[in-house]
Amino acid sequence: MPKVYVPHPKYPTVSITGSRCELKCDYCRGLVLRTMVQIESPDRLLSFCKRLKERGGIGCLLSGGFNKEGKLPFEPYIETIRCVKKELDLMLSIHPGILNKDEAVQLRDSGIDIAEFYVILSDNVLRNVMHTKPNKDDVLKALDIIYTYGPRYVSPHITVGSDYGKISWEYEAIDALRDYDPYVLIFLILVPIEGTPMAHVKPPSISDLVNLFATARKKLENTELALGCMRVRGKYTQTLESELMRKGLVDRITVPYTSIPEPTIHTCCSLPDSVALKYIQK
């Protein structure tokens, strides 16, 4: 049976840019940021983390809106991150975006535990859906940089169906990850959101998703496959979860719709077992 992850409330997601995002991707338009804890200054992040620690929190995911270079503007928060790690000993993960070597080293030296990296290998998606300047070669270069110079743990993410519901480049992303033997690969699946250009796009079919997971299982033999928190709820995810479990294609599920008789881990599904299994609630 897959491991069960329920991050809220002990491992919340924080937007360090508030509701601001320069990209306005066609599948989000910045609306997802409204579901996160809104933090817009280093002092407020430190105060939030202190309260989180007092409430028995485990850590948090630092996210937010990206700039046109496809990066989360985290530099003003580096000293605060270092302080949180040293004084509060919370787990910290981050959606950094596309980094250069100096930025990757900066994140590692700050004490960030996990870099959650989006592996998007489609020039069309990067330019016409996400509206970023980098191309897929820049993403591949940044992937290598973050594995070589970044935080100790890297959890690659694939946003499936971001090309208006179609699956294509995702297979190339799986191939690219074979060189890094990741401990986990997290699949996020398009959720049509009202108020965006993709509001009425159908998410990928269950059969296409099962085929994608099966390919990842075959090509990444040592990698745990995770069904992340971004996916359409209801019958769609119930059917998907059931099919993936029946075929033995999923090792981690975040906030499962299906009842799974396993202990709950109150963290992001990106944490390595050596860390996450400390936080099992039986």
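The values are calculated or read from the model by the stated rules, or taken from the named source; none is laboratory data. These figures come from a predicted structure and were not determined experimentally. Note that each Cβ is placed from the backbone with ideal geometry, even for glycine, and that neighbours are counted across all protein chains shown.
Mind checking which residues of the stretch 235-267 are modelled with pLDDT of 95 or more, surrounded by fewer than 16 Cβ atoms within 10 Å (Cβ to Cβ) and of a type outside the set (Lys, Arg)?
Within the stretch 235-267, Gln238, Thr239, Ser242, Gly248 meet the criteria.
Need pairs with beta-carbon distance below 9 Å; first residue within 17 Å of Gly150 (Cα to Cα) and within the stretch 78-94, second among the acidic types (Asp, Glu) and not in a helix (DSSP H, G or I); sequence gap 6+ or separate chains.
Qualifying pairs under 9 Å: Lys85/Asp113; Met91/Asp113; Leu92/Asp113; Ser93/Asp113; Ser93/Glu116; Ile94/Asp113; Ile94/Glu116.
Determine whether Val37 is within 15 Å of the chain's Cα centre (by Cα) and among the β-branched types (Val, Ile, Thr).
In short, no.
Kindly list, by first and then second residue, each pair from a residue in the stretch 167-194 that is more than 30 Å from Gly234 (Cα to Cα) to a residue that is among the small types (Gly, Ala, Ser), limited to pairs with Cβ atoms under 6 Å and residues at least 6 apart or on different chains.
Close Cβ pairs satisfying both conditions: none exist.
Please go through the stretch 197-234 and pick out each residue that is surrounded by fewer than 20 Cβ atoms within 10 Å (Cβ to Cβ), β-branched (Val, Ile, Thr) and under 18 Å from the mean Cα position of the chain (by Cα).
Val232
Only one of these conditions is not met by Ser47: (1) surrounded by fewer than 21 Cβ atoms within 10 Å (Cβ to Cβ); (2) of a type in the set (S, T, N, Q); (3) in contact with a helix residue (DSSP H, G or I) (Cβ under 9 Å, 6 or more places away or on another chain). Which number is it?
Among (1) surrounded by fewer than 21 Cβ atoms within 10 Å (Cβ to Cβ); (2) of a type in the set (S, T, N, Q); (3) in contact with a helix residue (DSSP H, G or I) (Cβ under 9 Å, 6 or more places away or on another chain), the lone unmet condition for Ser47 is (3).
What is the one condition in (1) over 20 Å from Gly65 (Cα atoms); (2) surrounded by fewer than 23 Cβ atoms within 10 Å (Cβ to Cβ); (3) not aliphatic (A, V, I, L, M) that Glu103 does not satisfy?
Just one mismatch for Glu103, condition (1).
Considering only residues of the stretch 106-145 that are free of Cβ contacts under 8 Å to residues at least 40 places away in the same chain and among the small types (Gly, Ala, Ser), which is surrounded by the most Cβ atoms within 10 Å (Cβ to Cβ)?
Selected residue: Ser110.
Please verify whether Tyr27 is among the aromatic types (Phe, Trp, Tyr), part of a loop (DSSP other than H, G, I, E, B), at pLDDT 95 or above and within 30 Å of Glu262 (Cβ to Cβ), treating the condition exactly as stated.
No.
Counting only residues that are more than 14 Å from Lys10 (Cα to Cα) and touching a residue at least 40 places away in the same chain (Cβ under 8 Å), which one in the stretch 255-272 is nearest to the chain's Cα centre (by Cα)?
Ser270
Quick check, is Ser162 closer than 23 Å to Phe117 by Cβ, in contact (Cβ under 8 Å) with a residue 60 or more places away in the chain and in contact with a helix residue (DSSP H, G or I) (Cβ under 7 Å, 6 or more places away or on another chain)?
Yes.
Six or more apart or on different chains, Cβ atoms under 9 Å: show the pairs whose first residue is in the stretch 48-60 and under 9 Å from Leu88 (Cα atoms) and whose second is outside any helix (DSSP H, G or I).
Close Cβ pairs (under 9 Å, with a partner that is outside any helix (DSSP H, G or I)) amount to Cys49/Val14; Cys49/Gly57; Cys49/Gly59; Cys49/Cys60; Cys49/Leu90; Cys49/Leu92; Lys53/Asp89; Lys53/Leu90.
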